[in-house]
Amino acid sequence: MRVLVVEDERDLASAIQEGLERQGFAVDVAFDGEEGWRLTQVFPYEAIVLDRMLPVTDGIALCRRLRQSGSGIGVLMLTALDAVDDRVEGLNAGADDYLVKPFEFKELLARLRALTRRHAPIRLNRLQVRELVVDLDGGTVEWAGNPMSLSRKEYMLLVYFMRHPGQLVTPEQIIESAWDAESDASADVVRTHLKNLRKKIEAAGGPPLIRTVHGMGYRLES
């Protein structure tokens with residue numbers, strides 16, 4: 001799942017990014033509203049963690065701009081302003097949820113997960129293809145009851161494939177969904193991670209589920 005964090009407090013932005021990445025999210029960060037807008041026009045985000053008070057373009061203006069453009073992306077707005085009128089203004093601008101600073105990361109994570117579930121109701125907390133099961137809440141993976149230990153990137157790749165079973169996906173699509181905007185990932189990097197992921201699935205007793213479609217991309221056989 002790819003998330004954009006728009007927050008001008010760099011230490012806070014870094015802490016949110018690191019926390020979400022540990023949970024298997026692909027995260028980009030912008031430090032002002034205009035940079036945030038530019039990134040939303042390039043990458044397919046599923047949610048935005050958006051600070052209300054931002055330089056150049058503030059969070060309220062950015063949220064309105066997204067909604068006026070027809071974007072249905074989930075928006076979790078952060079603010080140090082706790083007055084009812086401030087929360088109402090954010091919601092009226094198009095935010096889906098509101099979180100007042102300071103906050104506990106576990107609450108941000110819970111709200112973000114709830115938000116993405118609302119915007120993508122077909123998504124479940126448990127993914128399964130044949131005997132391969134991913135528990136999204138616990139971050140665990142197993143084949144026929146045999147646990148698998150994956151790196152963070154391998155986990156993100158597996159979740160992406162299991163959300164698109166049977167579909168042909170290109171290396172470019174994989175990079176867009178599983179790497180951040182600053183990454184220099186290439187088709188060779190994708191190939192290496194997929195090779196390691198395949199080995200771990202097979203070591204747990206699974207068949208070679210992820211097939212290479214030569215010259216085109218990859219497919220998870222469902």
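The values are calculated or read from the model by the stated rules, or taken from the named source; none is laboratory data. Owing to the predicted nature of the structure, the values given are computational and were not obtained by experimental measurement. Every residue, glycine among them, receives a Cβ derived from its backbone with ideal geometry; neighbour counts consider all protein chains shown.
Could you tell me whether Ala178 is among the small types (Gly, Ala, Ser) and over 30 Å from Gly36 (Cβ atoms)? Here the answer is no, as Ala178 does not meet what is asked. Of everything in the range 124-143 that is over 26 Å from Val213 (Cβ atoms) and in contact (Cβ under 8 Å) with a residue 12 or more places away in the chain, the residue that is nearest to the chain's Cα centre (by Cα) is Leu136. Of the candidates Val88, Val75, Val84, the single residue that is within 23 Å of Ala110 (Cα to Cα) and surrounded by 21 or more Cβ atoms within 10 Å (Cβ to Cβ) is Val75.
The set of residues from the range 122-159 being among the acidic types (Asp, Glu), at pLDDT below 90 and assigned to a loop (DSSP other than H, G, I, E, B) comprises just one member, Asp137. If only residues of the range 101-121 that are surrounded by 13 or more Cβ atoms within 10 Å (Cβ to Cβ), modelled with pLDDT of 85 or more and among the charged types (D, E, K, R) are counted, the one that is farthest from Ile73 (Cα to Cα) is Lys101. Can you tell me which residue within the range 203-222, out of those that are closer than 20 Å to Glu142 by Cα and either assigned to a loop (DSSP other than H, G, I, E, B) or among the hydroxyl-bearing types (Ser, Thr, Tyr) (or both), is modelled with the lowest pLDDT? The extreme case among them is Ser222. Considering only the range 5-34, state which residues are charged (D, E, K, R) and over 21 Å from Ala80 (Cα atoms). Glu18, Glu21, Arg22, Asp28, listed by residue number. Residue under question is Asp97, and the condition is that it be exposed (fewer than 15 other Cβ atoms within 10 Å of the Cβ) and touching a Lys or Arg at 6+ places or on another chain (Cβ under 9 Å); does it hold? No; evaluated as a whole, the condition is false for this residue.
Could you grab me the full set of residues in the range 32-72 that are buried (at least 21 other Cβ atoms within 10 Å of the Cβ) and under 16 Å from Val100 (Cβ atoms)? Selection gives Val49, Leu50, Asp51, Arg52, Gly59, Ile60.
Taken over the range 171-202, the criterion of being small (Gly, Ala, Ser) and either assigned to a strand (DSSP E or B) or in contact with a strand residue (DSSP E or B) (Cβ under 8 Å, 6 or more places away or on another chain) (or both) is satisfied by Ser177, Ala178, Ala181. In this structure, Pro171 qualifies as on the phi < 0 side of the Ramachandran plot and in contact with a Ser or Thr (Cβ under 9 Å, 6 or more places away or on another chain).
Suppose the filter is touching a residue at least 60 places away in the same chain (Cβ under 8 Å), farther than 29 Å from Gly36 by Cα and surrounded by fewer than 13 Cβ atoms within 10 Å (Cβ to Cβ); does Ala203 pass it? In short, no.
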